[in-house]
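The values are calculated or read from the model by the stated rules, or taken from the named source; none is laboratory data. Predicted model only: the values in this text are computed from it and were never measured. Here the Cβ is made from the backbone with ideal geometry for all residues, glycine too, and neighbour counts use every protein chain on show. For accessibility, only protein heavy atoms count, side chains too; no ligands or nucleic acids. Shrake-Rupley method; radii C 1.70, N 1.55, O 1.52, S 1.80 Å.
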Amino acid sequence: MKEKLQAIKEEAMKQIQESGTLDKLNDVRVAFLGKKGQLTAVLKGMKDVAAEERPIIGQMVNDTRAAIEKAMEETKKNLEAKAREEQLAREVIDVTLPAKKINVGHRHPNTIALEEVERIFVGMGYEVVEGPEVEYDLYNFEKLNIPANHPAKDEQDTFYITKDILLRTQTSPVQARIMEQGKLPIRMIAPGRVFRSDEVDATHSPSFHQIEGLVVDKNITFADLKGTLEQFAKELFGPETRTKFRPHHFPFTEPSAEVDVSCFKCGGKGCRFCKGSGWIEILGCGMVHPHVLEMCGIDPEVYTGFAFGVGLERIALLKYEIDDMRLLYENDIRFLKQF
Ligand code: DAH
């Protein structure tokens with residue numbers, strides 16, 4: 001028995017030493033100490049050992065087991081350390097490699113221009129509001145004094161969802177929506193996307209942006225409109241900027257005007273930028289038509305107001321001297337980064 005145990009021990013030690021991997025070491029453990037292992041078999045054979053020898057043999061089996069377990073534990077530790085080292089060697093990180101570049105986007109010229117316009121009007125106490133891009137004909141045309149068959153409807157040919165629902169051609173319907181809410185006085189701007197069935201070229205796009213402005217209060221006059229837009233032009237294009245109000249027609253304002261600013265490139269002398277005229281057209285405006293006030297539930301005998309509409313792309317193109325509107329929609333980061 002003693003020799004047998006000795007042989008088992010030697011064989012186990014040899015296999016432990018040769019195991020080389022944690023998996024194989026576990027196989028060795030099963031082969032010797034497992035349920036059907038060699039040492040376990042010896043223990044099972046104890047019943048055949050003479051009673052007086054049992055304690056001695058029992059002790060020897062335990063010693064053998066302890067010796068095997070100890071050797072296994074040590075080998076296991078060594079193998080684990082080796083595995084870790086190998087893993088570290090495999091996963092070595094070269095800290096001198098250049099870092100991955102994180103590409104941050106850039107604000108679009110439209111966004112920069114819009115934030116500038118918002119800053120100016122918020123500074124004058126205006127609220128920034130929004131209206132829907134899919135709009136009722138009622139708000140886009142009817143309540144703005146543009147009845148069915150009005151020629152202005154042709155100029156703003158658009159995309160119809162149904163006979164009564166369309167993609168708004170202007171931000172002006174937000175005027176009607178806000179006035180209808182009946183909270184007075186009103187001092188708001190409403191930026192947003194508008195749509196027209198225009199062909200794409202350097203100055204046209206089927207989808208572009210406008211900023212609408214509306215003030216309604218008691219005693220609002222054309223002088224308030226002039227002063228406000230003059231201040232706006234000076235803040236946007238520089239303190240030297242002069243403004244010119246040319247009579248015009250819009251169905252929802254009376255009187256109406258188009259506003260030109262003195263060319264901020266040549267100061268008004270005339271250059272290529274202003275096509276020699278010294279002036280650049282920037283927006284449409286006027287006093288809110290009494291009929292529009294009425295249709296929106298406001299008494300024109302008590303309240304008056306002014307309104308204006310600016311093309312956002314127009315502002316961005318002018319401010320950043322971009323000569324083709326299409327560049328604004330390509331979203332080429334090399335272009336956008338310049339502003
Ligand atoms: N909605 C007009 C357009 O798209 C622009 C405009 C003109 C807006 C005069 C106004 C205004 O509020 O008073 O052509």
Being away from the ligand (no atom under 13 Å from the Cβ), more than 14 Å from residue 126 (Cβ to Cβ) and at pLDDT 95 or above narrows 239, 255, 185 down to just 239
Checked segment 216-242 for anything touching a Phe, Trp or Tyr at 6+ places or on another chain (Cβ under 7 Å) and in a loop (DSSP other than H, G, I, E, B); matches are 218, 220, 238, 241
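The rows are residues; the columns are (1) open to solvent by less than 60 Å² (accessible area, probe 1.4 Å); (2) outside any loop (DSSP other than H, G, I, E, B); (3) under 20 Å from residue 310 (Cα atoms).
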position	(1), (2), (3)
100	no, no, no
110	yes, yes, yes
117	yes, yes, yes
121	yes, yes, yes
146	yes, no, yes
Give all pairs with beta carbons closer than 6 Å in which a residue from segment 215-241 that is under 21 Å from residue 311 (Cα atoms) meets a residue that is open to solvent by 20 Å² or more (accessible area, probe 1.4 Å) and at pLDDT 95 or above; count only pairs at least 6 apart in sequence or on separate chains.
215/187; 230/243; 233/243; 241/234
Output for segment 196-215, where each listed residue is in a strand (DSSP E or B) and within 12 Å of the ligand (Cβ to nearest atom):
208, 209, 210, 211, 212, 213, 214, 215
Taking residue 131 as the residue in question, decide whether it is of a type outside the set (S, T, N, Q), at pLDDT 90 or above, on the phi > 0 side of the Ramachandran plot and open to solvent by less than 50 Å² (accessible area, probe 1.4 Å).
no
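Only residues that are in a strand (DSSP E or B) and either surrounded by fewer than 18 Cβ atoms within 10 Å (Cβ to Cβ) or touching a strand residue (DSSP E or B) at 6+ places or on another chain (Cβ under 6 Å) (or both): list them for segment 181-195, please.
Selection gives 186, 187, 188, 189, 190, 191, 193, 194, 195.
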If I ask for residues that are outside any loop (DSSP other than H, G, I, E, B), within 21 Å of residue 248 (Cβ to Cβ) and charged (D, E, K, R), which ones from segment 152-180 would you list?
153, 154, 155
So how many residues does segment 134-173 have that are under 20 Å from residue 290 (Cβ atoms), within 13 Å of the ligand (Cβ to nearest atom) and modelled with pLDDT under 90?
1
Could you check residue 68 against (1) at pLDDT below 90; (2) surrounded by 12 or more Cβ atoms within 10 Å (Cβ to Cβ); (3) within 18 Å of residue 2 (Cβ to Cβ) and say which number it fails?
(1)
For segment 314-324, indicate whether the set of residues that are of a type outside the set (D, E, K, R), in contact with a Ser or Thr (Cβ under 7 Å, 6 or more places away or on another chain) and either open to solvent by 10 Å² or more (accessible area, probe 1.4 Å) or in contact (Cβ under 8 Å) with a residue 24 or more places away in the chain (or both) is non-empty.
no
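Considering only strands (runs of 3 or more DSSP E) fully contained in segment 243-339, which possess at least 1 residues that are more than 30 Å from residue 107 (Cα to Cα) and touching a His at 6+ places or on another chain (Cβ under 9 Å)?
Numbers: elements: 243-250, 253-262, 279-288, 304-311.
Fully inside segment 243-339 and qualifying: 243-250, 253-262, 279-288.
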Given the residues 287, 295, which is the only one that is of a type outside the set (D, E, K, R), buried (at least 17 other Cβ atoms within 10 Å of the Cβ) and away from the ligand (no atom under 14 Å from the Cβ)?
295
